[in-house]
Amino acid sequence: MRLRSTIGASVAVAILLTACGGGGGGGGGGDADPVGDGRTVRVEAFDRQDYNADGFSAVAGEITFRLSQVGIQEHTLVVEGMEDEMRLVVEDGGTDSGNLTLEPGRYILYCDIAGHRSSGMEARLTVG
Ligand SMILES: [Cu+2]
């Protein structure tokens, strides 16, 4: 298994952290805050043209993406190569969500509004 330099290393760390996060075992489910459960990727979009994190992780399968606007600029969230399958848009303080079924691998999330991706609205998504 080849890991590519520092990107591979940091992804491995992220996977380890995620793996340790579950713990416990209680059932329940319901609609408790899904942060960290691997099924929902919560992304916040800021006016400074950045997301709330440079890397996200999720568990393979059907994944829910939630994009929240923090500020006033319109932003989007798409997965590179899957732009036609899901495009979330936030404006006027709103939230948008959608689902994608992803296999294990590394993906790139970005905002497709002109100029935003190059300004920093790009993040890694590691699906394990
Ligand atoms: Cu944007």
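FYI, it's all coordinate maths here, none of it is from the lab. Being a predicted model, the structure only gives us computed values, none of them experimental. Here the Cβ is made from the backbone with ideal geometry for all residues, glycine too, and neighbour counts use every protein chain on show.
In this entry, the range 38-127 is assigned a mean projected area of 4.8 nm², taken as a quarter of its C-alpha convex hull surface. I72 sits among other residues whose Cβ lies under 14 Å from its own Cβ, and their net charge, with Lys and Arg +1 and Asp and Glu -1, is -4. A simple packing score, the average count of other Cβ atoms within 10 Å per residue, orders the peptides 49-56, 71-78, 94-101 as 71-78, 49-56, 94-101, with the highest score first. Around L125, with a cut-off of 11 angstrom between Cβ atoms, what is the net charge of the other residues, counting Lys and Arg +1 and Asp and Glu -1? Neighbour charge sum, excluding L125 itself: -1. Between D47 and D92, residue separation times 0.36 nm minus the direct Cα-Cα distance comes to 15.0 nm.
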